[in-house]
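Q: Pasting a structure here, questions to come.
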Amino acid sequence: MKRPDNLKDGSKIRIVAPCGRFDKSRFQQGIALLNKAGFTTVFDESIFESHRYLAGTDARRLNELRSALNDSEADAIWVARGGYGATRLVDQINPADVSQAGKWLIGFSDVTALHALWGRAGVQSVHGANITTLADWGGEARSELYQSLREPFQQEFAGKLALGESDASGRLVGGNLAVLTALLGTGQLPSFENTVVLLEDIGERPYKLDRMLTQHRQAKTFEGAVGFAIGQLSACEPGEAEDYRAADVIAENLTHLGVPVLTGLPLGHDGSSRAVVLGAKVHIEAATATLRVDPDSQAVV
């Protein structure tokens with residue numbers, strides 16, 4: 001996996017909206033934060049267009065994404081908002097073009113479809129705040145996000161060990177479970193061989209999580225994975241009277257793989273979320289229920 005060039009003060013970031021339409025004021029808040037951090041942000045005014053629930057037509061959003069990839073002066077592509085829409089575009093972008101561009105991609109949620117594209121292209125990307133959610137993050141989390149783009153460094157994420165007793169190491173892949181499920185059968189999923197799989201979601205009741213993971217089990221999607229890092233399951237819990245949690249349903253559906261599963265990691269949709277580099281090598285330490293990111297695996301190629 002190739003790490004894009006480290007960002008520095010003045011680095012140009014192209015802002016794109018390949019997914020859902022968004023609130024302009026929240027967008028402007030995020031832009032202001034990036035500019036304050038020392039980056040140079042650019043975007044086309046067409047980014048504010050809307051078509052139904054999308055940030056403009058497929059043609060507009062696809063042209064914007066291709067333009068960002070082809071921009072020789074831009075070092076990164078940051079997504080305005082998730083929602084829905086990226087899966088409509090990924091089959092029209094050649095992974096070779098992503099590899100040749102070698103740019104950072106930053107975002108989460110529906111951006112998982114693009115992270116999968118970057119993964120198939122062999123380019124690392126950052127699972128972190130979209131422009132419209134950047135202001136929701138705490139100052140320390142934002143600084144950590146910026147630092148992950150500026151230089152490789154070791155990160156640690158504390159969770160709970162739900163399954164397994166052994167340690168595991170592999171490249172981190174994945175993202176939003178619902179989006180990964182939407183990519184089944186499309187040929188757009190990355191390889192999960194020898195990987196640690198990140199899964200998070202929002203607003204999916206336990207039976208829906210069960211249904212999606214049952215589909216992955218039957219499709220053998222995650223065969224070959226060495227471990228799982230389960231992030232935030234926001235608004236996914238059952239009613240108060242139930243005696244199980246969403247994480248229990250996740251773990252039950254991964255038991256057959258016989259690999260360690262960490263839950264409760266600060267990665268996902270909550271404001272307490274943190275950023276992590278997809279494609280970097282990570283280690284699951286079972287004894288401490290910790291996920292560690294190896295900075296040496298993020299060397300620029």
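Q: Not counting the cut sites, what is the longest span of the chain without trypsin sites (Lys or Arg not before Pro) that DSSP labels loop and that have at most 12 other Cβ atoms within 10 Å?
A: On the way: sites that count: Lys8, Arg52, Lys220.
With trypsin sites (Lys or Arg not before Pro) excluded where exposed in loops, the chain gives 53-219 as its longest stretch.
Q: Looking at the square roots a ≥ b ≥ c of the eigenvalues of the Cα gyration tensor of the stretch 80-211, which shape do they give, rounded for a/c under 1.5, prolate if a/b is larger than b/c, or oblate?
A: In terms of gyration-tensor shape, rounded.
Q: If each of Ser50 and Ser72 carries a label point 7 Å out from its Cα toward its Cβ, how far apart are those two points in nm?
A: So the label points at Ser50 and Ser72 sit 3.8 nm apart.
Q: Please give, to one decimal in nm, the separation of the simple spin-label points placed at Arg211 and Gln154, each 7 Å out from Cα toward the Cβ.
A: 4.4
Q: Measuring from label point to label point, each 7 Å out along Cα→Cβ, what is the Lys8 to Thr57 span in nm?
A: 4.2
Q: How long is the gain from Gln218 to Gln28 if the chain were fully straight, where each residue apart is worth 0.36 nm and the alpha carbon distance is subtracted?
A: On the way: separation 190, 0.36 × 190 = 68.40 nm, distance 4.35 nm.
Extra length available between Gln218 and Gln28 comes to 64.1 nm.
Q: Taking a ≥ b ≥ c as the square roots of the Cα gyration tensor eigenvalues, with a/c under 1.5 meaning rounded and otherwise prolate when a/b beats b/c, else oblate, which class fits the stretch 54-134? Let's see the in-between values first.
A: On the way: a/c = 1.36, a/b = 1.15, b/c = 1.18.
Rounded is the answer for the stretch 54-134, as its axis ratio a/c remains below 1.5.
Q: Relative to the longest principal axis of the C-alpha atoms of the chain, give the angle of the C-alpha long axis of helix 58-70, reported between 0 and 90° and rounded to the nearest 10°.
A: 80
Q: On C-alpha positions alone, give me the angle between the axis of helix 112-121 and the longest principal axis of the chain, in degrees, nearest 10.
A: Orientation of helix 112-121: about 80 degrees from the principal axis.
Q: For Ala275, what is the net charge nearby, where nearby means another residue's Cβ is under 9 Å from its Cβ and Lys, Arg count +1, Asp, Glu -1? Write out the running numbers ahead of the final one.
A: Details: positive: Arg142, Arg274; negative: Glu144.
Once positives and negatives cancel, what remains is +1.
Q: Let me ask something else. Measuring from the lowest to the highest alpha carbon on each principal axis, how far does the chain reach, largest first, in angstroms?
A: 49, 42, 35
Q: Does anyone have the angle between helix 139-150 and the longest principal axis of the chain? Alpha-carbon axes, 0 to 90°, nearest 10?
A: 70
Laboratory data are not the source of any read-out in this text; all were calculated from the coordinates shown. Just so it is clear, the structure is predicted and the values come from calculations on it, not from any experiment. No Cβ is skipped: glycine too gets one built from the backbone with ideal geometry, and neighbour counts run over all protein chains shown.
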